[in-house]
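Chemist: One structure follows; several queries about it will come next.
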Amino acid sequence: GEDVEQSLFLSVREGDSSVINCTYTDSSSTYLYWYKQEPGAGLQLLTYIFSNMDMKQDQRLTVLLNKKDKHLSLRIADTQTGDSAIYFCALGPHRDSSYKLIFGSGTRLLVRP
Amino acid sequence: KAGVTQTPRYLIKTRGQQVTLSCSPISGHRSVSWYQQTPGQGLQFLFEYFSETQRNKGNFPGRFSGRQFSNSRSEMNVSTLELGDSALYLCASSLGGQDEQFFGPGTRLTVL
């Protein structure tokens, strides 16, 4: 089945850029998502990229997709303390009409003042 | 436009009981999916409904069931609760299932 992997933890200084990485095994997803989860909250959709794109920029967020290496990244420019949260990459739905999302284990981002 | 709402936000039950969770999707969205989030297993897909029909089911026992009503609101039911069912249950809505999925705040279920 599909496997999505993320590093568990990232610590950056306020004002620096953060890069959160995600690797996956199955290439049949239509969308690749980034979600943010703050303590005690649900998942907030940050951004997404279509599987036929290489890059998407949305204000402070840049998503890069390397289909050859099956690697997805999220860059947050000028990281703020409010960006501290867990970030999940998610893939889906699949072109076989399965409607589920497959999530990575999440990367905890800590922003130091 | 109001977001996805889930009720209740918190629940405490004992082993052997049953529980029903509710999800109201974003207006106009017809697909509702349910996920279980635990520290050990992460986010796991439970099932997805569209126009009152279950289209996909994850790898969960039959104690987990759901349904969708004609107004797209969805409920999930867990019978004969076990300690391991303690989790955050999240629902997500989308227009048709193969587009952006927006999540609700979740229902935190604790089984004692």
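Chemist: Restricting attention to the range B:13-41, which residues are farther than 22 Å from residue B:98 by Cα and within 11 Å of another protein chain (Cβ to nearest Cβ)?
Modeler: B:39, B:40, B:41
Chemist: Which residue, of A:15, A:40, is within 12 Å of chain B (Cβ to nearest Cβ) and in a loop (DSSP other than H, G, I, E, B)?
Modeler: That would be A:40, the only listed residue that is within 12 Å of chain B (Cβ to nearest Cβ) and in a loop (DSSP other than H, G, I, E, B).
Chemist: If you scan the range B:59-82, which residues turn out to be surrounded by 20 or more Cβ atoms within 10 Å (Cβ to Cβ), closer than 23 Å to residue A:103 by Cα and not hydrophobic (A, V, I, L, M, F, W, C)?
Modeler: B:66, B:74
Chemist: Suppose the filter is in contact (Cβ under 8 Å) with a residue 24 or more places away in the chain, within 17 Å of residue A:42 (Cβ to Cβ) and more than 13 Å from the chain's Cα centre (by Cα); does residue B:38 pass it? Walk me through it before giving the result.
Modeler: Numbers: in contact (Cβ under 8 Å) with a residue 24 or more places away in the chain: yes; within 17 Å of residue A:42 (Cβ to Cβ): yes; more than 13 Å from the chain's Cα centre (by Cα): yes.
Yes; evaluated as a whole, the condition is true for this residue.
Chemist: While we're here: In the range A:95-113, which residues are more than 21 Å from residue B:44 (Cα to Cα) and surrounded by 13 or more Cβ atoms within 10 Å (Cβ to Cβ)?
Modeler: Once the filter is applied, which keeps residues that are more than 21 Å from residue B:44 (Cα to Cα) and surrounded by 13 or more Cβ atoms within 10 Å (Cβ to Cβ), the range A:95-113 yields A:109, A:110, A:111.
Chemist: Please enumerate the residues belonging to the range B:40-58 that are among the small types (Gly, Ala, Ser) and surrounded by 13 or more Cβ atoms within 10 Å (Cβ to Cβ).
Modeler: Across the range B:40-58, the qualifying residues are B:42, B:58.
Chemist: Could I ask something else about it? In the range B:20-39, is there at least one residue being within 24 Å of residue A:5 (Cβ to Cβ) and surrounded by fewer than 20 Cβ atoms within 10 Å (Cβ to Cβ)?
Modeler: yes
Yes/no matrix, rows are residues, columns are (1) within 25 Å of residue B:91 (Cβ to Cβ); (2) part of a strand (DSSP E or B); (3) in contact (Cβ under 8 Å) with a residue 40 or more places away in the chain:
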site	(1), (2), (3)
A:49	yes, yes, no
A:52	no, no, no
A:64	no, yes, no
A:72	yes, yes, yes
A:78	no, no, yes
A:88	yes, yes, yes
A:98	yes, no, no
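Chemist: Read through the list (1) within 12 Å of chain B (Cβ to nearest Cβ); (2) on the phi < 0 side of the Ramachandran plot; (3) crowded, with 20+ Cβ neighbours inside 10 Å, then give the number of the only condition that residue A:92 fails.
Modeler: (2)
Chemist: Go through the range B:83-112 and give me each residue that's surrounded by fewer than 21 Cβ atoms within 10 Å (Cβ to Cβ) and of a type in the set (Ser, Thr, Tyr).
Modeler: If the condition is that a residue be surrounded by fewer than 21 Cβ atoms within 10 Å (Cβ to Cβ) and of a type in the set (Ser, Thr, Tyr), then B:86, B:110 are the ones that fit.
Chemist: Considering only residues that are under 19 Å from residue B:52 (Cα atoms) and of a type in the set (A, V, I, L, M), look in the range B:81-106 and name the one that is nearest to the other protein chains (Cβ to nearest Cβ).
Modeler: Taking the candidates together, the pick is B:90.
Chemist: While we're looking at this one, here's another question. Do you know which residues across the range B:53-112 are assigned to a strand (DSSP E or B), free of Cβ contacts under 8 Å to residues at least 24 places away in the same chain and charged (D, E, K, R)?
Modeler: Within the range B:53-112, B:57, B:67 meet the criteria.
Chemist: Further question on the same structure: Note down all Cβ pairs under 6 Å where the first residue falls in the range B:1-12 and is closer than 18 Å to residue B:85 by Cα and within 13 Å of chain A (Cβ to nearest Cβ), the second is buried (at least 16 other Cβ atoms within 10 Å of the Cβ) and β-branched (Val, Ile, Thr), and they're at least six residues apart or on different chains.
Modeler: B:6/B:107
Here, each number is a calculation from the coordinates, and none is a lab measurement. In this text the structure is predicted, and so the values were computed from the model without any measurement. Quick reminder, even Gly has a Cβ in these numbers, built from the backbone with ideal geometry, and neighbours come from all protein chains shown.
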